[in-house]
Every structure is written in structure tokens, then in C-alpha cells.
1. Between S64, S40, which is of a type outside the set (F, W, Y) and in contact (Cβ under 8 Å) with a residue 12 or more places away in the chain?
2. What is the one condition in (1) outside any strand (DSSP E or B); (2) in contact with a Gly (Cβ under 8 Å, 6 or more places away or on another chain); (3) surrounded by 15 or more Cβ atoms within 10 Å (Cβ to Cβ) that F110 does not satisfy?
3. Scan region 83-98 and tell me whether some residue there is polar (S, T, N, Q) and crowded, with 17+ Cβ neighbours inside 10 Å.
4. Can you tell me how many residues within region 113-128 are touching a helix residue (DSSP H, G or I) at 6+ places or on another chain (Cβ under 8 Å), surrounded by 15 or more Cβ atoms within 10 Å (Cβ to Cβ) and acidic (D, E)?
5. Out of (1) within 18 Å of V116 (Cβ to Cβ); (2) of a type in the set (G, A, S); (3) out of contact with any Lys or Arg (no Cβ under 7 Å at 6 or more places or on another chain); (4) at pLDDT 90 or above, the odd one out for S23 is which?
6. For region 26-72, name all the residues that are outside any helix (DSSP H, G or I) and either surrounded by 22 or more Cβ atoms within 10 Å (Cβ to Cβ) or not β-branched (V, I, T) (or both).
7. What pairs come out if I take residues in region 89-116 that are under 19 Å from G60 (Cα atoms) and modelled with pLDDT of 95 or more and pair them with residues that are assigned to a strand (DSSP E or B) and β-branched (V, I, T) whose C-beta lies under 8 Å away, six or more apart or interchain?
8. Give region 58-87 a look and list any residue that's polar (S, T, N, Q) and at pLDDT below 95, or say none.
Amino acid sequence: MQACSSVKKSSKTQTSSAPSALSSRSGGDRNQVYADRFGSSAILEMERDGIPASITLAQGILESGAGTSELAQNANNHFGIKCGTGWNGKTYQKKDDDRDANGNLIESCFRKYDKVEDSFHDHGEFLR
């Protein structure tokens, strides 16, 4: 739990059911809201998988634009985890960095989660 002890609590209130409110905040405020909102998920995964919660939160903020990216909004995927060969769950298709033989961007298969916490759990499993 010490990994998150330096995270300051925001004096602003943020409802957990309004991810679109994140996009109207400045980068620093938005990042703090993200850390406040998902810190407990990051700590839980730290206890399970040993990945520091601060690292998980930083990667989630970077990969998902603090929860505002298309992938975060439409697939609850905060870490950009692609389907891979062993994935049997829900999927979300979007153009990313995969290209065809001619160098054209093509749609990539990303894992889609029912809830954000599943994304945090899968992130820990993926890095293990």
C-alpha cells in the first residue's frame, strides 16, 4: 500500500459513473481523478501480482488518456491489451499500429471487458 501513499486526494468530487467528466478536466486534475477512482483496483492487483500500484496507475493513465480513450470508453480496456491467440472473451476492433502488406493501417483486435476492474486484473495477469 505504500506505493500509493504519496498520491494526494483531490478536493473535487467525481462520480464514478461519469467517465466523460474526465475529459473536461486539465491533464493534472484528470490524472488525479483517475488515480483516486482506480487506486483501489491498482492496490488489489499489486497485492495479487506484485506489480506496484503506482506503475499500474501510471500505465493506465498513459495508455487510456486517464480513462478518456476510445478503447477505455468502449471496451473498458485501459492498458491497450490486444486479443492474442489465447483470448476467448469479448473483442473490440479498432485501427491501431497493425499494418497490411502494403503498409496500410488495419483494424486490430483488442480485449473487451465488462468492467474496468477486469482490465486491471488482466493487466496484472498479462505482466506476470
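1. S64
2. Every condition holds for F110 apart from (1).
3. No, the conditions are met nowhere in region 83-98.
4. Residues that pass the stated criteria total 1.
5. (4)
6. Residues satisfying the conditions are S26, G50, P52, G65, A66, G67, S69.
7. So the pair list comes out as C109/T91; F110/T91; R111/T91; K112/T91.
8. Within region 58-87, the subset polar (S, T, N, Q) is 59, 64, 68-69, 73-74, 76-77, 85.
Selection gives T85 alone.
The values are calculated or read from the model by the stated rules, or taken from the named source; none is laboratory data. Everything quoted here is computed from the prediction, not taken from an experiment. Every residue, glycine as well, gets a Cβ built from its backbone with ideal geometry; the counts of neighbours run over all protein chains shown.
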